[in-house]
Amino acid sequence: MLFAYSHPGTLTVHAPAKLNLFLSIDDKRSDGFHEITSLMLSVGIYDTLVFTEEPSAEVELRVTEANSLLTPLKQNRQRIPAGEENLVVRAIRLLQEQTGSHQGIRIELIKRIPAEAGLGGGSSDAAAALFAANKLWRLGLSLSELCEIAAKLGSDIPFFLTASHSAICRGRGEIIEPVSVPQCLHFVVVRPETGLSTADVYRHCRVGRHAKNQVEQLVSNLASGQFHSLSRLMLNDLQAPAEKLNSDILKLKDYFSKQSVLGHMMSGSGTAYFGVCQNRAQASQIAARLRSTVKGHVFVVQNRL
């Protein structure tokens with residue numbers, strides 16, 4: 001779920017990151033994509049996007065990397081594209097194409113969510129772009145119509161356009177079932193210095209095997225506070241291929257396996273790795289130790305309720 005506030009001609013949107021507590025690869029489709037089942041939770045780290053109406057049909061994007069989270073990677077600075085290859089610009093262009101709109105927009109993106117991390121930053125930003133342009137251009141599209149457009153761009157984008165902070169996503173990610181996770185969960189998240197291409201990870205993945213009702217059981221246990229079973233029910237079929245492509249994930253897996261966390265695994269297609277902690281104090285302690293040993297982003301977040 002995005003949240004926004006507006007002034008005449010301008011809309012500011014805060015776009016959250018997500019964590020996957022469950023991600024199974026169910027089938028390979030004839031179009032080259034994969035059928036998935038995923039439990040996604042939005043968490044409290046945000047990119048901020050400021051959208052301003054532009055009288056011409058131009059789309060202008062300026063990206064600012066926020067120092068608070070990106071400073072540790074100064075020597076290996078992420079390069080966030082600001083041109084037509086950026087998912088935000090692609091989302092706006094597709095919306096223009098689908099609606100026949102000739103209006104333009106200026107966008108300032110303040111980037112806090114690490115890229116190539118499996119945290120959904122690019123997807124959340126693209127969702128924000130569709131939402132904001134629809135409002136500023138007074139197109140009148142419903143959320144379901146925006147989700148149809150979003151699904152053409154990427155599997156995670158429709159989730160960020162829903163009204164729910166947590167959902168089971170199926171198909172390519174466009175079939176969304178909002179679920180209730182009323183418990184406050186504390187996570188320590190690490191995005192190592194190195195990233196991974198989502199396409200590369202999917203190219204190496206295989207269809208997984210899991211209990212048919214495993215994701216539903218995970219949601220039920222989360223809702224009722226039965227956290228003892230999280231490590232048994234959490235799943236990511238993309239982690240095995242990602243481990244072969246990037247040894248940093250194995251190092252983080254080994255580190256978290258020695259901590260008394262409730263569960264741990266990679267998010268999405270990586271390389272971000274997270275532990276579900278027993279409380280915020282434990283998350284802060286683990287994060288402090290990791291900051292002294294791991295090069296990259298380390299931060300503590302909780303799910304949005």
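Tell me the angle of helix 280-291 to the major Cα principal axis of the chain, expressed in degrees between 0 and 90 and rounded to the nearest ten.
So the inclination is approximately 90 degrees.
How much length, in nm to one decimal, is gained on full extension between residue 210 and residue 251, taken as 0.36 nm per residue of separation minus their Cα-Cα distance?
Contour length minus the Cα-Cα distance gives 12.2 nm.
Please list 3J(HN,Hα) in residue order for region 122-137, calculated via the Karplus relation 6.51 cos²θ - 1.76 cosθ + 1.60 where θ = phi - 60°; whole Hz, with x for glycine and proline.
Rounded to whole hertz, the list is x, 5, 5, 5, 5, 4, 4, 5, 4, 4, 5, 5, 4, 6, 5, 8.
Amide H to amide H, which residues 5 or more places from residue 28 or on other chains are under 5 Å from it, using H placed in the peptide plane?
35
How would you rank 101, 144, going from fewest to most other Cβ atoms within 10 Å of each one's own Cβ?
In order of increasing Cβ crowding within 10 Å: 144, 101.
Helix 214-224 versus the longest principal axis of the chain: what is the Cα-based angle in degrees, 0 to 90, to the nearest 10?
90
Taking the Cβ of each residue in 277, 147 as the centre, tally the other Cβ atoms inside 10 Å and list the residues starting with the fewest.
147, 277
Work out from phi, with θ = phi - 60° and the Karplus expression 6.51 cos²θ - 1.76 cosθ + 1.60, the ³J(HN,Hα) of each residue of region 233-244, listed in order in whole Hz, and give x for Gly and Pro.
9, 5, 7, 9, 5, 8, 5, 4, x, 5, 4, 6
Can you classify region 3-178 as rounded, prolate or oblate using the Cα gyration tensor, where a ≥ b ≥ c are the square roots of its eigenvalues, rounded means a/c under 1.5, and otherwise it's prolate if a/b beats b/c and oblate if not?
oblate
Let me check the size of region 1-56 from its C-alpha atoms; what are the radius of gyration and Dmax in Å?
Taking only Cα atoms of region 1-56, I get Rg and Dmax of 17.2, 47 Å.
Between rounded, prolate and oblate, where does region 186-302 land on the alpha carbon gyration tensor, with a ≥ b ≥ c its root eigenvalues, rounded for a/c under 1.5, else prolate if a/b exceeds b/c?
Oblate shape, in that a/c is at least 1.5 and b/c is the bigger or equal ratio.
Based only on other Cβ atoms within 10 Å, what is the fewest-to-most ordering of 175, 249, 45?
Going from sparsest to densest Cβ surroundings: 175, 45, 249.
Just to be sure I understand the model, the point goes 7 Å from the Cα along the line to the Cβ. What's the resulting residue 110 to residue 223 distance in nm?
Result for the modelled spin labels: 3.7 nm.
Any chance you could give the angle, 0 to 90 degrees and rounded to 10, that helix 247-257 forms with the longest Cα principal axis of the chain?
The answer is roughly 60 degrees.
Every read-out reported here was derived from the displayed coordinates using simple, explicitly stated rules and does not represent laboratory data. As the structure is a computational prediction, the values presented were derived from the model and not from experiment. Cβ coordinates were reconstructed from backbone atoms using ideal geometry, including for glycine residues, and neighbour counts include every protein chain displayed.
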